[in-house]
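Below: one structure, written as structure tokens.
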Amino acid sequence: MNVSVLLFFDAMRRVTGEFLGEVVHRRLECGITASLNSYGPRMYLADHTHENAFIAFVLSGGYNESCGYRRHECICGAAILHPAGETHRNLFSSRGGLVFSLEFGSSWVDRLDQVPARTIGRAGRIFELGLQLYLRLSRGGWLGAVDLEEFALAITGELAHVHALQAEEASSRWMKRTVEFLHGRACETMTLAGIAESAGVHPVHLARQFRKAHGCTVGDYIRRLRVQRAAVLLLETEEPISHIAQGCGFADQSHLTRLLKSALGATPRELRSSTRH
């Protein structure tokens, strides 16, 4: 492995609210610790555990995370649930990383029972919710205990939904093909008939079953994927906003701005500037 810089930390159990890396912001409310941490290029965190369960939202950069013999790639746009006491190690990319985390105290144990261990969500409602909360906190807007708790409940509920969807996709080959098709071509022009043909089912059946499984129409799902793809590019690159809008399938920059504002409560420029510390 060609690693330019390695920073080693002794394996140990992290206590409540404690994360490795540089702390940018931290807030504790109603048993939840919201923390923003920055990690340097090629930073290596040796085996360690956390006292409580937490969800990490990768806002920029990324890392490879190993749990025993399992290895997970955690890139910008990923939301990762770590169960309490899980042992893992991390190697950050050459760009380092910026990670927003929500750690759940003991009062949340029963509410997390519905969420299975080690769940990873990508390009879904989970990351969108995490971004909404991060933006509210980073901009210094007022956020009460009730607001934070409602965000946390929505996020944990969405994690349980993601796990159920993954189980359904595992038992439904055509649904899995559909989701893979949408994720791979979300920024392209598509028709329901074309999507159904790729899945090998009738368009009416696709529309009905997709909405039942995902709680939204196929069109809504595609728009969400496009918004999140644009959000990742805004967080990760300096590409002109107009180019991002065009590349992600929006009519123009104002179209992207309108949908991003609706989804996240922030304009493209506000989102981009939020991670420039």
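Please treat every number below as a calculation from the coordinates, not as lab data. Here the structure is a predicted model, which means the values were calculated and not measured. Neighbour counts are summed over all protein chains in view; Cβ atoms, including those assigned to glycine, are modelled from backbone coordinates with ideal geometry.
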Scalar couplings 3J(HN,Hα) for the range 81-93 by Karplus 6.51 cos²θ - 1.76 cosθ + 1.60 (θ = phi - 60°), nearest whole Hz, x for Gly and Pro, are 8, 10, x, 4, x, 5, 9, 8, 9, 10, 10, 7, 6
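Rounded to the nearest 20 Debye, what is the dipole magnitude of the range 172-274 about its Cα centre when Lys and Arg each give +1 and Asp and Glu each give -1 at the C-beta? Numbers along the way, then the final one.
Details: 15 positive and 9 negative charges, 101 e Å.
Around 480 debye, computed over the range 172-274.
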Return the sequence-ordered ³J(HN,Hα) values of the range 155-161 in whole Hz as given by the Karplus equation 6.51 cos²θ - 1.76 cosθ + 1.60 applied to θ = phi - 60°, using x for Gly and Pro.
-> 5, 5, x, 5, 4, 5, 5
Centre separation in Å (Cα based) which lies between the range 53-111 and the range 183-209 = 32 Å
Take the Cα atoms of the range 232-277, find their three principal axes, and give me the spread along each one in whole Å, biggest first.
-> 31, 21, 13
Starting at the first residue of the range 177-193, write each ³J(HN,Hα) from the Karplus equation 6.51 cos²θ - 1.76 cosθ + 1.60 with θ = phi - 60°, in whole Hz, x for Gly and Pro.
-> 4, 5, 5, 5, 4, 5, 5, x, 10, 4, 8, 9, 6, 9, 10, 4, 4
Long-range amide H contacts for residue 29: which residues qualify at under 5 Å (H placed 1.01 Å from N, peptide plane, sequence gap of 5 or more or a different chain)?
-> 34
Amide H contacts under 5 Å for residue 50, restricted to residues at least 5 apart in sequence or on another chain and with H modeled in the peptide plane, are 14, 85, 86
Estimate the FRET efficiency between residue 246 and residue 193 by the formula 1/(1 + (r/R0)^6), using the beta-carbon distance for r and 30 Å for R0, to the nearest 0.05.
-> 0.75
Amide H contacts under 5 Å for residue 172, placed H, 5+ residues apart = none
